[in-house]
Every structure is written in structure tokens, then in C-alpha cells.
Amino acid sequence: MGGAVSAGVDHDDLIDKLKEADYIKTSAIETVFRAVDRGFYFLPDCLESAYRDLAWKKGNIHLSAPCIYGEVMESLNLKPGLSFLNLGSGTGYLSTMVGLILGPYGINHGVELHDDVIDYAHAKLSEFKRTSPAIDCYEFCEPHFVRGNSLCLNGSSRQYDRVYCGAACPENHENYMKNLIKIGGVLVMPLNDQLMQITRTSDNTWESNAVLSVTFAPLQLPRPDSTNNCVNLPEVNPLELQEICRSVIRGILREQAKAEYPAITVRKRKTYTGRRRKMFHNLIIPIVDSSEEEGGAREGGPVIRERGGIAPLLVIARNRWRNNNRAAAEENCNSPPNRAEFDYDTEDEVVDDIDDDVEEEEDDEDEEDVSERRRKVAKREKFDSGICTDMDNIQEGGGSSESEDDLKMISSEHDDDEEDAMDLDSSCGHMSPRKSSPQVEQEEDVPVYSVIMRQKICSLPLPPTLKDYLNFYRPF
């Protein structure tokens with residue numbers, strides 16, 4: 001399920017598109033989405049799919065489409081301090097984003113059926129806490145995952161403020177799901193090909209709202225012999241005093257950082273611009289040896305292949321030679337012109353003249369070997385070929401401007417990355433800019449929480465062990 005928006009270049013670009021398509025509506029949800037990179041939860045060999053608006057599955061590891069997660073996060077109406085249950089928690093991607101909103105006094109639990117997926121989620125959670133800059137921007141409610149079937153929760157299980165089910169709920173288990181939320185709580189789950197937002201208004205009444213048409217795989221029904229496999233949800237324990245102190249101190253430092261740096265952000269965003277790809281310094285009209293292939297000249301002579309892009313190049317080269325010849329004639333009208341100064345009026349004259357040269361060389365073949373003859377033809381190529389750069393002015397049918405600006409040569413001193421790559425349209429001889437891969441530009445002088453928070457922690461008059469604890473034992 002997915003494909004509601006076009007693929008993003010990177011995570012930020014994907015979030016921009018989700019926001020434009022109104023799948024992400026509030027700024028709080030937007031910042032959380034930007035703080036947790038979706039590609040972080042993909043396997044290394046599947047990263048090309050990370051920023052597409054499509055569901056992804058590799059073995060038991062699964063992620064829903066980004067547009068689904070956007071609607072889910074908006075529909076849950078999350079607030080700090082709430083309790084959250086994720087049925088089918090998978091990689092922990094959604095639970096991690098929810099944890100950034102719930103804060104240190106929230107409850108964040110997940111139930112997952114497969115052991116390998118739980119191991120994967122724990123590994124990603126540990127890496128997230130160790131490396132993500134979001135830890136400095138938010139107070140994190142760490143998710144806790146347990147293995148089991150989401151339809152086998154202990155009958156005496158507690159109720160939650162917010163519940164999400166990541167698989168289609170069977171109709172005969174609808175009331176089972178509804179009873180997992182408190183009065184005033186919100187349940188978001190797929191039901192009858194609709195993503196439903198269900199709010200509990202009293203002990204026996206609920207309000208339902210269809211959010212989005214979706215297609216989810218169904219929940220795995222428990223086996224008849226699985227009555228003894230009830231899932232016990234994690235225990236809820238109050239925070240220890242030192243954890244509360246750490247949260248309070250970091251909250252104060254964070255507020256100071258916001259006051260000192262109004263433009264502070266979670267991380268520097270990568271800006272992608274259209275990169276101008278490298279262009280050949282010299283675009284040479286191909287002149288090759290004799291060939292019997294279609295489009296060649298007479299047998300034994302050089303071949304200029306008759307393709308749509310060659311004629312315009314010859315015309316531009318002819319015009320440049322003509323201008324050079326006129327200038328040379330004015331300077332020395334009595335000197336005989338050499339081969340490079342011949343004024344070719346047509347494309348055929350160019351070909352015929354080259355053929356004449358080759359035929360003369362063939363008469364002396366006894367004195368010169370074939371390799372020497374080819375060397376001479378190649379050496380003369382700079383005269384028999386045209387070099388041009390400004391192809392945008394070439395007109396269909398081979399016409400071109402004779403102005404000097406249209407015939408400027410490519411300088412090797414130019415920055416190749418600043419030149420547009422040009423594609424030759426074989427049907428008409430036009431050159432057009434080629435779509436190129438984006439170029440990454442890092443925003444400069446943007447304060448980020450990770451740097452500012454660590455600077456402030458280092459400046460505190462505390463022992464190094466306490467500073468390490470305040471920084472979650474991450475390197476400064």
C-alpha cells in the first residue's frame with residue numbers, strides 16, 4: 001500500500017512531499033518525522049526503496065508506506081505523558097517516533113509476533129539512542145517490546161490512552177481491540193479496508209471515523225492450542241530519581257539553547273539541487289576508417305555516419321572555418337590556402353575532400369604502411385572535424401547562427417560540474433539538458449541540538465561521570 005506521493009530524494013524530501021499532500025498536517029508531527037530517518041530502519045541492500053511512498057517487506061521485517069504512518073501519527077492525537085500500545089510493532093520505527101512525543105513520563109509498549117523482528121527492533125533502538133541527534137532535541141520515552149500474538153493479550157491487561165494495530169483486524173475481534181483503550185482513548189487500526197480512528201466516549205460507546213482507504217495483511221489468528229500462550233505486557237515502573245534529575249537538567253539546557261539560538265534544529269538538513277554533470281571538453285564529429293556498414297562512404301574511404309546529429313555539427317564547423325578563412329584572407333591575400341583553410345559549402349564537399357586525400361595516400365601505399373596512413377588521417381582530424389559547445393541554438397535541419405557567441409570553444413579551465421550535460425536528439429540534431437543526479441549541499445552555520453547540548457553539558461561544574469550520565473554515555 002502506498003504510492004500516494006512521489007518518491008523523495010532523501011528523508012527530508014519525502015517529508016516535504018507528505019506535507020504537501022496533507023498526510024502530515026501539524027508541525028509537531030512534521031518535526032518528529034524529520035527527526036527519525038526512515039532509511040535508518042532499512043536493510044543495507046534495500047536502501048533504494050527507503051524514500052518511496054511504498055510499503056517494504058524483507059522476510060519478516062516490514063514497514064508500512066510513509067503516507068500511512070503520517071495518517072496514523074496525526075490520528076493518534078499524541079500528547080506527552082500518555083500510554084501507547086503498538087500491536088505489530090515491527091522494526092520499532094513508529095514506536096520510536098511516538099516515544100519522542102510521549103516524553104519521559106509516558107508509557108511505550110509494543111507486541112511483535114516474530115523473534116527475529118524483535119531482535120532487529122532492539123538493535124535499531126540501541127543504535128538510535130547512541131547516534132541519533134533527536135535524543136538531544138527530545139525527552140525520549142523508550143519503547144519496550146514483547147513477543148507474542150496481539151490477539152492473545154492477557155485478559156487482565158491494562159488499558160491504554162492510544163493503541164495502534166499494524167495489521168488488518170478481523171471483524172470478530174473488533175470489540176477485543178476497542179476494549180484495549182481507556183475512556184477518552186483513541187484506537188487506530190485497519191478494518192474492512194479502511195484505516196479507522198475509534199475514540200472511546202464511555203464504557204460502552206465509541207465514535208468511529210474512516211481516515212484512509214488501505215490494504216493491510218490480516219492479523220495472524222491464534223491457534224486453538226495457544227490458550228496457554230497469553231502475552232503479558234511489560235510492567236510499568238516509575239522513573240528513578242536520578243532519571244528525573246537528568247530529564248529536568250536536560251530540559252533546562254534545552255530551553256537555554258532555544259533562547260540563545262532561535263534557529264536551532266535537530267540536524268543540518270541536506271539541500272538537493274540539480275547537479276550539472278560533466279560535459280566532454282571537445283565534441284568531435286566521428287570520422288572512422290573504412291567500413292561496409294550501412295551509411296558509410298565509398299569502399300576504402302573514411303566513413304562519416306549519416307545520423308541526425310552530425311549534419312548540424314558540420315554546419316557549425318563550416319561556419320567557423322569560413323570566418324577564419326575570411327580573416328586570414330584579409331591578412332595575407334596572396335598566400336595560398338592550406339588544407340585547413342578550404343571553404344566547404346556543403347557537407348558532401350567535406351566528405352569528398354577527405355576521400356580525395358585518402359585516395360592519394362593509397363597510391364603511395366607501397367612506401368607507407370597502413371598504420372602510418374591511419375596515423376596521418378587521425379592527425380588531420382582537427383581540421384576535418386567540428387567542435388562546438390552552444391548547441392541550444394542549433395535549428396532543426398542543420399541551420400545555426402554564424403555569430404561568434406554561437407561558436408565559442410569549450411575551455412578546459414571551465415568547471416565541468418557547472419556545465420549542463422547535453423543529450424543529442426538523433427531525430428532532429430538538437431542538444432538538450434540531461435536530467436542529472438542531485439547535488440548535496442549542506443546548510444552552513446545552522447546550530448544543532450547535539451553540538452549545543454554537549455557544549456552546555458561540558459560547561460557544567462560537575463564531575464566527568466555525571467556529565468557522561470547526562471549525555472547518556474555518548475562520546476562528547
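The values are calculated or read from the model by the stated rules, or taken from the named source; none is laboratory data. The structure presented is a predicted model; accordingly, all values stated were derived computationally and were not measured. We work out accessible area using only protein heavy atoms, side chains counted, and drop any ligands, DNA or RNA first. Shrake-Rupley method; radii C 1.70, N 1.55, O 1.52, S 1.80 Å.
A few notes on this one:
- Mean separation of Cα contacts under 8 Å (6+ apart) over length of segment 176-266, as relative contact order %: 15 percent
- When you restrict to C-alpha pairs under 8 Å that are six or more residues apart and normalise by the size of segment 1-91, the relative contact order lands at 34 percent.
- Shape of segment 1-131, Cα gyration tensor, a/c cut at 1.5: oblate
- Accessible area, probe 1.4 Å, largest first, for residues W56, W206: W206, W56
- Solvent-accessible area assigned to carbon and sulfur over segment 81-152 amounts to 52 percent, based on a 1.4 Å probe.
- Based on C-alpha pairs under 8 angstrom that are at least 6 apart in sequence, segment 107-201 has a relative contact order of 25 percent.
- M196, M73, ranked by accessible area, largest first (probe 1.4 Å): M196, M73
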